[in-house]
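The values are calculated or read from the model by the stated rules, or taken from the named source; none is laboratory data. What you are looking at is a predicted structure, and each value in this text was computed from that prediction instead of being measured. Reconstructed Cβ throughout: ideal geometry from the backbone, glycine too, with neighbour counts over all protein chains shown. In case anyone asks, the SASA skips ligands and DNA or RNA and just uses the protein heavy atoms, side chains included. Shrake-Rupley method; radii C 1.70, N 1.55, O 1.52, S 1.80 Å.
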Amino acid sequence: MRVERLSHDRVRVLAPAKLNLYLEILFKRADGYHELETVMHSIDLSDEFVVERTAGSGIEIAIRGYPAPVDGSNLIAKAAERYFLVFHRRFGLKIDLQKNIPAGAGLGGGSADAAGMLLALHTLDSPATTSNSRSDAIAALTPIAEEIGSDVPFFLTGGTAIARGRGEKIEALSSEQSPNFTFVVVFPRVQSPTPLIYKSLTSDLTEHKRDLHRFLSSLDSATDRRAPPFWNRLAAPFRRVFPELARLQDSISNETGRAFHVSGSGSALYAVVADAQEGERVRTKLQAMAAGDIFLTRSLPRQGNEPRSW
Ligand code: C5P
């Protein structure tokens, strides 16, 4: 997450998407959520927005790029409302959002925007909160982040992290433990409803559980060229709910010779490629197949998370 102060009243945010490289479900909880063990991984596909403090108390959102709600149901607006409530603050906001991360894709775009908004408000409003340091800001904002959505706390830090609980308990991996990949990501222009995918887990929950530590040691030895055994327990229900996307996943894997995986609850499909050159070749094939919107993207480390271009 990059938050840059443009002036006294304006902050610019670059909010990167994530892929789930590993996602296992331990059990269904009494509160209806599912207890997870997942590896979240930031990539350099980012929403960009400018937050401006205005006179008055309204929140105005303008959106370009992929569609998202402009009303109170937008996670940016929800994040602002929660922030104001918790810190007893209130001021007007104008947000200009360039939505580059499709919604309903399992890429965490809405959650990334919400986390970016919390950090933007903290920056704009630093005298009202106790500290200016990034780690103190994250500690102060995490309880608000997890109320907005299970994924949101991860995006306050980004990089590569293990998420547990319903996804809100974050253990960041060091840069040595974090892999560095080149990905091709396909958005098949279908939004996947997360609650329905979780509801469609049936016998999946009683299947033999994967071993997170085994996966993590395969990450350790992963290079740019060798993909570790990515795993997603939600892939089976996703494929049952969307048989046409299951066929798409199989055919793009066959045609490109690269295994495509489901991120989170879908619908985005991702594969590791050796380098940008292979990425371009895969992109050309996917375009010929009209697979959807295609992104060539790379792993984004937690520190020095500058945007990179091809
Ligand atoms: O927390 P969030 O609002 O992002 O979750 C959206 C939905 O995804 C929940 O309402 C629930 O149906 C499902 N979910 C779940 N277990 C999780 C996370 C999400 O069942 N750990």
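Only one of these is within 18 Å of V262 (Cβ to Cβ) and either open to solvent by less than 40 Å² (accessible area, probe 1.4 Å) or small (G, A, S) (or both): S217, S200, S221. Name it.
Among S217, S200, S221, only S200 is within 18 Å of V262 (Cβ to Cβ) and either open to solvent by less than 40 Å² (accessible area, probe 1.4 Å) or small (G, A, S) (or both).
For the stretch 106-120, give me the residue count where each residue is under 12 Å from T194 (Cβ atoms) and not in a loop (DSSP other than H, G, I, E, B).
Result for the stretch 106-120: 2.
Looking only at the stretch 165-192, how many residues end up being within 16 Å of the ligand (Cβ to nearest atom), open to solvent by less than 60 Å² (accessible area, probe 1.4 Å) and part of a loop (DSSP other than H, G, I, E, B)?
4
Just name the residue that is nearest to T194 (Cα to Cα) out of those in the stretch 257-272 that are out of contact with any Leu (no Cβ under 8 Å at 6 or more places or on another chain) and either in contact (Cβ under 8 Å) with a residue 40 or more places away in the chain or among the polar types (S, T, N, Q) (or both).
Only one residue fits best here, namely A271.
Kindly list the number of the only condition in (1) open to solvent by less than 60 Å² (accessible area, probe 1.4 Å); (2) in a loop (DSSP other than H, G, I, E, B) that fails for I138.
So I138 meets the others, but not (2).
Return the only residue of D47, D96 being among the charged types (D, E, K, R) and either farther than 30 Å from V272 by Cα or surrounded by fewer than 17 Cβ atoms within 10 Å (Cβ to Cβ) (or both).
Being among the charged types (D, E, K, R) and either farther than 30 Å from V272 by Cα or surrounded by fewer than 17 Cβ atoms within 10 Å (Cβ to Cβ) (or both) holds for just one of D47, D96, which is D96.
Might you check whether a residue that is closer than 15 Å to V39 by Cα and away from the ligand (no atom under 16 Å from the Cβ) occurs anywhere in the stretch 193-212?
Checked against the condition, which is being closer than 15 Å to V39 by Cα and away from the ligand (no atom under 16 Å from the Cβ), the stretch 193-212 yields at least one hit.
Considering the stretch 35-68 alone, what residues qualify as being touching a residue at least 60 places away in the same chain (Cβ under 8 Å), within 16 Å of the chain's Cα centre (by Cα) and within 16 Å of the ligand (Cβ to nearest atom)?
L36, E37, T38, V39, M40
When only residues in the stretch 121-140 that are farther than 16 Å from L85 by Cα and within 21 Å of the chain's Cα centre (by Cα) count, which is modelled with the lowest pLDDT?
Among residues in the stretch 121-140 that are farther than 16 Å from L85 by Cα and within 21 Å of the chain's Cα centre (by Cα), the one modelled with the lowest pLDDT is R134.
Which count do you get for residues in the stretch 104-116 that are surrounded by fewer than 24 Cβ atoms within 10 Å (Cβ to Cβ) and farther than 10 Å from Y66 by Cβ?
Final tally of qualifying residues: 0.
Pick out the one residue from V39, V13 that is crowded, with 20+ Cβ neighbours inside 10 Å, aliphatic (A, V, I, L, M) and either in contact with a Lys or Arg (Cβ under 8 Å, 6 or more places away or on another chain) or at pLDDT below 95 (or both).
V13
Can you give me the number of residues within the stretch 152-164 that are in contact with a His (Cβ under 9 Å, 6 or more places away or on another chain) and either aromatic (F, W, Y) or within 11 Å of the ligand (Cβ to nearest atom) (or both)?
Count: 0.
Name the residue, out of L75, L26, that is among the hydrophobic types (A, V, I, L, M, F, W, C), modelled with pLDDT of 95 or more and within 17 Å of the chain's Cα centre (by Cα).
Going through L75, L26 in turn, just one is among the hydrophobic types (A, V, I, L, M, F, W, C), modelled with pLDDT of 95 or more and within 17 Å of the chain's Cα centre (by Cα): L75.
Looking only at the stretch 142-164, filter to residues that are of a type in the set (S, T, N, Q) and within 19 Å of N232 (Cα to Cα); which one of those is surrounded by the fewest Cβ atoms within 10 Å (Cβ to Cβ)?
S150
Could you tell me whether any residue of the stretch 77-96 is without any contact (Cβ under 8 Å) to a residue 24 or more places away in the chain, under 27 Å from P195 (Cα atoms), touching a strand residue (DSSP E or B) at 6+ places or on another chain (Cβ under 6 Å) and hydrophobic (A, V, I, L, M, F, W, C)?
The answer is yes, given that some residue of the stretch 77-96 is without any contact (Cβ under 8 Å) to a residue 24 or more places away in the chain, under 27 Å from P195 (Cα atoms), touching a strand residue (DSSP E or B) at 6+ places or on another chain (Cβ under 6 Å) and hydrophobic (A, V, I, L, M, F, W, C).
Of the conditions (1) under 24 Å from R298 (Cβ atoms); (2) surrounded by fewer than 24 Cβ atoms within 10 Å (Cβ to Cβ); (3) among the β-branched types (V, I, T), I101 satisfies every one except a single condition; which number is it?
(2)
Hey, could you check the stretch 226-241 for residues that are assigned to a loop (DSSP other than H, G, I, E, B), out of contact with any His (no Cβ under 8 Å at 6 or more places or on another chain) and open to solvent by less than 40 Å² (accessible area, probe 1.4 Å) and say which is farthest from H34 (Cα to Cα)?
P228
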